[in-house]
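Since the structure comes first, as structure tokens, the remarks are kept for the end.
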């Protein structure tokens, strides 16, 4: 069963088409990652799912129903920019947001989450006294404290240190295990690769990727030669059949042209320098992202 | 409904659970009635330094009387009888011979003495004050001082010189002193209320003597109380809505609340804040009046009207403010919209005096029937002594009720769009578009 079904949705702001003929299905119980460059339409799509914006055309169904004018109580939403009353105390704010959505007392849930995210000592402090990271965690709790079935997180890891990123990641994975469906947008390809069951990429308002990581990578094929050599980057110039070299210092990634025999490339490198290790791999999500939205894509578009 | 109630609770508690609210509750009446209270408190703060006044009496009959009257006044009023403390300045008059040859030089010399602080004033009495005729300059009385127009001594002199001269004139006509007293008796015109029929006994009730307090104080207090309560409950809505929008709280709330619930929560939360203030002031005021034995002055017949119009005023103005707040993107926008949004409250402030003095005039009647101004102006008219035709507050009420429904509808539609619209200052044309086209 799909929790969210988006069909041919278009949303325009003035002369800018923020979302263009978008269709997408989010199955129940999965983690769906939205990626895309800034201004590509991620937040607009999330807001339309939340019913904060109405699409100009097309339909959005959540839990099988079109939501115009109906309640969004089954959805928890963490917006990109934090929205909290600065003068309220942490515990009061979480109870308020939780009760507003669930219609029941959420005191125990608030205590549980405050403890889990190591914020118990801050329960009686005002929001304005929190650091950015703490504020982010409080906002995250406010999103999930009412136990919504669908959780939408717009950039949930922004402003968090690696320890807190792990804490939130664990919490998200637990929520999924308990039956919630999670949609989140992120610029961190590493996180998206590791956490998401499905990845959706939007670029200039249009869907450019949608599927599991494997299916996406499969589409691009095993065209990446990851190699460690004695000579390093300087020995890899002017190789036949290589489209692009990405240098990671001790390691280089070579993108082999479609149809070109990678064995030939490897032989050529071995003739130039000593090879310590090599691996024929699928491109990373980061690489795929850059292929679609990076400078290389722009050059191709201009060509 | 549950959500709206929960949001109202937050809005209400966020407003009243602050020290600022308690301070405002105390300070508001102090600030509003500040000048009156200051005048009352400073009434006793008079300069008790003796006032020396030189008399140039060209008539030759007045100066002696003034000296005697001043002596009596000083004996009676300068010192507190119980404490012996000096509470008033003594009036010390001295006679001087008018300089017939060069009166201007004498005036200049006396004026210079006043400037130096040696004298408080000098008084010139014309030669013909007893029988004033022909040349006006011969029967003038001139009081020269630094601030002669608002000088208490001038008033005191006015009150003793004229009766004195009249008595001499009467005496010259051969009228006996006892008769003269009768002739001189001044009878004040009393301000009275209207005679009414007692509903229980059927008897005609005597008209009550109306004091200035009843005529002016009661309507003015109710009027300013309503103004204060609007400032307390509705005014903050513009700022707080703008903040909720700019701090993205609105975006989170819209995940749980519909726009109309959001706006209703804000307006009704503000209303509860105002009603809390109203209860404190009305109950406190009634208790205070009871303690000082002025229960008669409490306008019980107006209080239900006051609360009815207050509720409608807050909902009406609050909806306008919340809608305007939703269209703002920064504090400057909110500042620019404050005056237009508060116009229904400010305009009655400009016209309250003519409405109070002539509550049944066509001007007052028509203005109070204009729904934006009805709550504040109708209450002042209703509380004014003499009252207004019974149908007028009812018609006003129906008008305001309908208009408030309309304003809430328009405000709700502006709010729905505005609260999520980022960028660009609020434009009237946009708001009209949002209101009628969505």
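Details
- Scanning region B:99-144 for residues that are surrounded by fewer than 13 Cβ atoms within 10 Å (Cβ to Cβ) and either on the phi > 0 side of the Ramachandran plot or touching a helix residue (DSSP H, G or I) at 6+ places or on another chain (Cβ under 6 Å) (or both) yields B:117, B:134.
- The requirement of being assigned by TED's automatic domain parsing to the domain that holds residue B:420, touching a helix residue (DSSP H, G or I) at 6+ places or on another chain (Cβ under 6 Å) and closer than 20 Å to residue B:10 by Cα is satisfied by residue B:321.
- So residue A:292, is it in contact with a helix residue (DSSP H, G or I) (Cβ under 7 Å, 6 or more places away or on another chain), surrounded by 14 or more Cβ atoms within 10 Å (Cβ to Cβ), modelled with pLDDT under 85 and not assigned by TED's automatic domain parsing to the domain that holds residue A:201: no
- Test: residue B:206 is modelled with pLDDT of 85 or more, farther than 27 Å from residue B:71 by Cβ and under 41 Å from the mean Cα position of the chain (by Cα): no
- Scanning region B:235-248 for residues that are surrounded by fewer than 21 Cβ atoms within 10 Å (Cβ to Cβ) and either in contact with a strand residue (DSSP E or B) (Cβ under 8 Å, 6 or more places away or on another chain) or within 11 Å of another protein chain (Cβ to nearest Cβ) (or both), we see that the one that is farthest from residue B:28 (Cα to Cα) is B:248.
- Counting only residues that are free of Cβ contacts under 8 Å to residues at least 24 places away in the same chain and crowded, with 16+ Cβ neighbours inside 10 Å, region B:304-318 holds 0 of them.
- Residue within region B:268-276 that is within 14 Å of another protein chain (Cβ to nearest Cβ), closer than 11 Å to residue B:322 by Cβ and either part of a helix (DSSP H, G or I) or at pLDDT 85 or above (or both) present: yes
- Selection status of residue B:279, more than 14 Å from chain A (Cβ to nearest Cβ), surrounded by fewer than 21 Cβ atoms within 10 Å (Cβ to Cβ) and at pLDDT 85 or above: yes
- Among the residues making up region A:138-166, those that are part of a helix (DSSP H, G or I) and at pLDDT below 90 are A:162, A:163, A:164, A:165, A:166.
- Test: residue in region A:2-16 that is touching a strand residue (DSSP E or B) at 6+ places or on another chain (Cβ under 8 Å), assigned to a strand (DSSP E or B) and within 14 Å of chain B (Cβ to nearest Cβ): yes
- All conditions in (1) surrounded by fewer than 21 Cβ atoms within 10 Å (Cβ to Cβ); (2) without any contact (Cβ under 8 Å) to a residue 40 or more places away in the chain hold for residue B:420, with the sole exception of (2).
- Out of A:182, A:208, one residue alone is in contact with a helix residue (DSSP H, G or I) (Cβ under 6 Å, 6 or more places away or on another chain), buried (at least 21 other Cβ atoms within 10 Å of the Cβ) and touching a residue at least 40 places away in the same chain (Cβ under 8 Å). It is A:182.
The values are calculated or read from the model by the stated rules, or taken from the named source; none is laboratory data. Worth saying up front: this structure is predicted, and the values here are computed from it rather than measured. Glycine also receives a Cβ, built like all others from the backbone with ideal geometry; neighbour counts cover every protein chain displayed.
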